[in-house]
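K.L.:
Next up is a structure, given as structure tokens.
The values are calculated or read from the model by the stated rules, or taken from the named source; none is laboratory data. Remember, predicted model here, so these are calculated numbers, not experimental data. Note: ideal-geometry Cβ built from the backbone for every residue, glycine included; neighbour counts use all protein chains shown.
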Amino acid sequence: MDYNFKSDSTDEKGTKMKSKASINKEAKEFDQSPTPAFIGASWIALLSGIICYCTGLWNSDMMLNEQGYYFTILLFGLFAAVSVQKSVRDRLEGLHVTDMYYGISWVSVLSAILLLIIGLWNADLLLSEKGFYAMSYTLSLFAAIAVQKNTRDKAFIESKMDDLEDKL
């Protein structure tokens, strides 16, 4: 008696089909989406970093052009951080990212951080205020990367799950 326990079979065209068990195993591999707690914490960190930074700017005694400088650095840094995360992730997923864009993304992040450091170094602020801006800025950049990563992870997992459901 021949017991053939193959996990895969072929359809009428001879195309190899996966069994439900192997598809469920694949689905479990992709079911590593970020938890709602981590997603929520990432958004709270991003919003609190941005709100604290902007509240500090709003309440500061800086001239309007200085406030605009620090606000622009925040926006530039957030965009650059998300751009770096996206280009790194695209490369990991095998999507084409030019070396020029990848390099510009990194130069942008480093430039934004350097501009903040130079601005704070030369600012007529208390050390505690400089530390406040530096920490809320750092929190915002880190949280922007985490939010972008969570968004990409969820979208990737949902698309893979949809593909697996279509196979069933």
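K.L.:
Look at segment 74-91 and say how many of its residues are closer than 18 Å to Ala134 by Cα and either modelled with pLDDT under 95 or buried (at least 19 other Cβ atoms within 10 Å of the Cβ) (or both). First the steps, then the outcome.
P.N.:
Taking segment 74-91 first, the residues closer than 18 Å to Ala134 by Cα are 74-81.
Subsequent filtering for residues that are either modelled with pLDDT under 95 or buried (at least 19 other Cβ atoms within 10 Å of the Cβ) (or both) retains 74, 77-78, 80-81.
Residues flagged as closer than 18 Å to Ala134 by Cα and either modelled with pLDDT under 95 or buried (at least 19 other Cβ atoms within 10 Å of the Cβ) (or both) within segment 74-91 amount to 5.
K.L.:
Then there is this: Answer yes if at least one residue in segment 62-70 is in contact with a strand residue (DSSP E or B) (Cβ under 8 Å, 6 or more places away or on another chain), loosely packed, with under 15 Cβ neighbours inside 10 Å and either more than 15 Å from Ser140 (Cβ to Cβ) or at pLDDT below 55 (or both), and no otherwise.
P.N.:
Among the residues of segment 62-70, not one is in contact with a strand residue (DSSP E or B) (Cβ under 8 Å, 6 or more places away or on another chain), loosely packed, with under 15 Cβ neighbours inside 10 Å and either more than 15 Å from Ser140 (Cβ to Cβ) or at pLDDT below 55 (or both), which makes the answer no.
K.L.:
Next question, about the same structure. Would you tally the residues in segment 48-67 being part of a helix (DSSP H, G or I) and without any contact (Cβ under 8 Å) to a residue 12 or more places away in the chain?
P.N.:
Qualifying residue count for the region: 6.
K.L.:
May I pose another question? What residue, of Thr98, Thr55, is under 28 Å from Ile157 (Cα atoms), among the polar types (S, T, N, Q) and out of contact with any helix residue (DSSP H, G or I) (no Cβ under 8 Å at 6 or more places or on another chain)?
P.N.:
Thr98
K.L.:
So which pairs qualify, if the first residue must be in segment 83-95 and within 21 Å of Ser108 (Cα to Cα) and in contact (Cβ under 8 Å) with a residue 40 or more places away in the chain, the second must be outside any helix (DSSP H, G or I) and not charged (D, E, K, R), the Cβ gap must be under 9 Å, and the two must be at least 6 apart or on different chains?
P.N.:
Hits for this filter: Lys86/Val97; Arg89/Leu95.
K.L.:
Now for a separate question. For segment 150-162, how many residues are surrounded by 13 or more Cβ atoms within 10 Å (Cβ to Cβ) and not hydrophobic (A, V, I, L, M, F, W, C)?
P.N.:
Of the residues in segment 150-162, 6 are surrounded by 13 or more Cβ atoms within 10 Å (Cβ to Cβ) and not hydrophobic (A, V, I, L, M, F, W, C).
K.L.:
Mind checking which residues of segment 28-61 are modelled with pLDDT under 90, under 16 Å from the mean Cα position of the chain (by Cα) and either more than 21 Å from Ile145 (Cα to Cα) or surrounded by 15 or more Cβ atoms within 10 Å (Cβ to Cβ) (or both)?
P.N.:
Selection gives Ser33, Pro34.
K.L.:
Just wondering, is there one or more residues in segment 125-148 that are at pLDDT below 95, exposed (fewer than 12 other Cβ atoms within 10 Å of the Cβ) and not in a helix (DSSP H, G or I)?
P.N.:
yes
K.L.:
Any residue that is in contact (Cβ under 8 Å) with a residue 12 or more places away in the chain, touching a Leu at 6+ places or on another chain (Cβ under 7 Å), surrounded by 16 or more Cβ atoms within 10 Å (Cβ to Cβ) and within 20 Å of Phe71 (Cβ to Cβ) - is there at least one of those in segment 99-119?
P.N.:
Looking for residues that are in contact (Cβ under 8 Å) with a residue 12 or more places away in the chain, touching a Leu at 6+ places or on another chain (Cβ under 7 Å), surrounded by 16 or more Cβ atoms within 10 Å (Cβ to Cβ) and within 20 Å of Phe71 (Cβ to Cβ), one finds none in segment 99-119, hence no.
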